[in-house]
Structure formats: C-alpha cells, structure tokens
1. Only one of (1) basic (Lys, Arg); (2) within 20 Å of ALA86 (Cα to Cα); (3) in contact with a Pro (Cβ under 8 Å, 6 or more places away or on another chain) is not met by ARG130, so which one is it?
2. Scan segment 57-70 and tell me whether some residue there is more than 23 Å from LYS101 (Cα to Cα), of a type outside the set (A, V, I, L, M) and at pLDDT 95 or above.
3. Could you tell me which residue of segment 45-84 is least open to solvent (accessible area, probe 1.4 Å), considering only residues that are over 26 Å from LYS128 (Cβ atoms) and touching a residue at least 40 places away in the same chain (Cβ under 8 Å)?
4. Is it fair to say SER168 is over 30 Å from VAL61 (Cβ atoms), within 17 Å of the chain's Cα centre (by Cα) and either in contact (Cβ under 8 Å) with a residue 12 or more places away in the chain or outside any loop (DSSP other than H, G, I, E, B) (or both)?
5. From LYS66, LYS58, LYS128, which residue is among the charged types (D, E, K, R) and more than 19 Å from SER10 (Cβ to Cβ)?
6. Among the residues of segment 85-121, what is the count of those that are assigned to a helix (DSSP H, G or I), open to solvent by 50 Å² or more (accessible area, probe 1.4 Å) and either of a type in the set (Lys, Arg) or more than 18 Å from VAL21 (Cβ to Cβ) (or both)?
Amino acid sequence: MKKIIAFAGSSSKNSINKQLVTHVAHQFGNVTCEILDLNDYEMPIYSADRELENGMPKLAVDFFEKLGSADLILISLAEHNGAYSAAFKNIFDWTSRHNNKLFQQKPMLLMATSPGPRGGLGVLDMAKDRFPRHDANLVATFSLPSFRDNFEPAIGITNEALKIELQSIVKAIVF
C-alpha cells in the first residue's frame with residue numbers, strides 16, 4: 001500500500017495548515033497516511049557552532065528518514081511575516097545539513113493557507129523556488145485563501161471552485 005507523509009509547516013496546536021493538510025491527505029484513496037507534528041521534532045536553533053560541538057540531532061535524522069519512507073509528501077506551509085515559520089525553518093535547516101537532498105525526489109504536493117486573501121502565496125512562492133534545490137519533486141501546488149471563509153473542519157473546502165481545483169489536483173497525482 002502506498003504511504004503519504006503529511007505535515008503542516010507550523011507548530012501551532014490549532015494550525016489551519018495542519019487542518020488543510022490532514023483533510024487533503026484523506027482525499028487519496030487506498031493509502032496509509034501519517035500526519036507528522038513539528039512539535040515532535042523540536043531541536044535547538046540551528047547554528048554551525050552547535051553542529052560542530054554536538055553533531056547532528058537524532059531528530060533531524062529521524063525526520064529525514066520519515067520523508068524517505070513516503071511515496072508522496074504533502075506539506076501545507078504556514079506563513080509568518082511572508083516566510084516559513086521558525087519551527088519549520090529550524091527543522092529544514094538541521095535536516096538539510098544531515099542530507100541536502102532532504103526531499104529525496106519524492107513526489108510532493110505543496111500547499112499553503114492563511115486567514116487572508118493571499119492564502120500564504122508568499123511562503124508558497126518561496127518554497128517553490130527553494131525546495132527543488134533540496135531534491136523536491138513538486139508535482140502540484142495549491143493555495144487556499146481566506147481559510148475561515150473557505151474551510152469547515154467537518155466538511156473541508158466549502159468554496160466550490162477551490163474544492164474542484166483541489167479535487168482535480170488530487171486525481172492527477174500519480175505515485
């Protein structure tokens with residue numbers, strides 16, 4: 001059976017990106033889904049000095065191995081001041097130091113959402129540019145604007161046009 005590894009680029013317990021990525025992960029039929037929580041991968045703030053003094057944290061290696069176990073990676077990035085959240089950036093920094101080919105050519109659906117009308121487009125654009133340099137195989141991207149207007153936890157995406165857009169992306173992904 002195919003395996004999806006999914007996570008939100010947020011450490012918030014009430015992350016709207018975690019709600020989105022969990023919803024999307026369950027749109028794929030006949031797969032196993034593992035939803036990661038960035039709080040399980042909390043490490044000291046990356047610095048070259050820490051790496052030299054203490055080596056690579058086991059959690060960075062564990063995160064890399066989790067990504068490697070996937071047939072498909074789903075990520076929904078939180079946007080903090082137009083960039084990655086500090087929690088995600090730190091995991092990204094440590095894990096890419098363990099292995100720069102962090103995403104291991106796994107097919108990836110990259111998403112973002114936010115409370116505002118841009119739907120995390122700033123961080124999504126940043127990641128679309130950066131992730132392929134770390135061996136991401138971006139097969140699709142999706143932005144959900146105005147999360148609270150377009151998503152209900154019990155239903156999912158409520159905006160019909162956005163729902164259809166996402167459904168067509170999910171159907172087109174072969175892994």
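The values are calculated or read from the model by the stated rules, or taken from the named source; none is laboratory data. A quick note: this is a predicted structure, and the numbers were derived from the prediction, not measured. Because the Cβ atoms are built from the backbone with ideal geometry, glycine has one as well, and the counts that use them run over all protein chains shown. Surface accessibility is based on the protein's heavy atoms, side chains included, excluding ligands, DNA and RNA. Shrake-Rupley method; radii C 1.70, N 1.55, O 1.52, S 1.80 Å.
1. (3)
2. Pass one, segment 57-70, residues more than 23 Å from LYS101 (Cα to Cα): none.
No, the conditions are met nowhere in segment 57-70.
3. Per the stated criteria, the residue is GLU51.
4. Values: over 30 Å from VAL61 (Cβ atoms): yes; within 17 Å of the chain's Cα centre (by Cα): no; either in contact (Cβ under 8 Å) with a residue 12 or more places away in the chain or outside any loop (DSSP other than H, G, I, E, B) (or both): yes.
The answer is no for SER168.
5. LYS58
6. Taking segment 85-121 first, the residues assigned to a helix (DSSP H, G or I) are 86-98, 121.
Filter once more, keeping what is open to solvent by 50 Å² or more (accessible area, probe 1.4 Å): 86, 89, 97-98, 121.
Subset that is either of a type in the set (Lys, Arg) or more than 18 Å from VAL21 (Cβ to Cβ) (or both): 86, 89, 97-98.
Residues in segment 85-121 being assigned to a helix (DSSP H, G or I), open to solvent by 50 Å² or more (accessible area, probe 1.4 Å) and either of a type in the set (Lys, Arg) or more than 18 Å from VAL21 (Cβ to Cβ) (or both): 4 in total.
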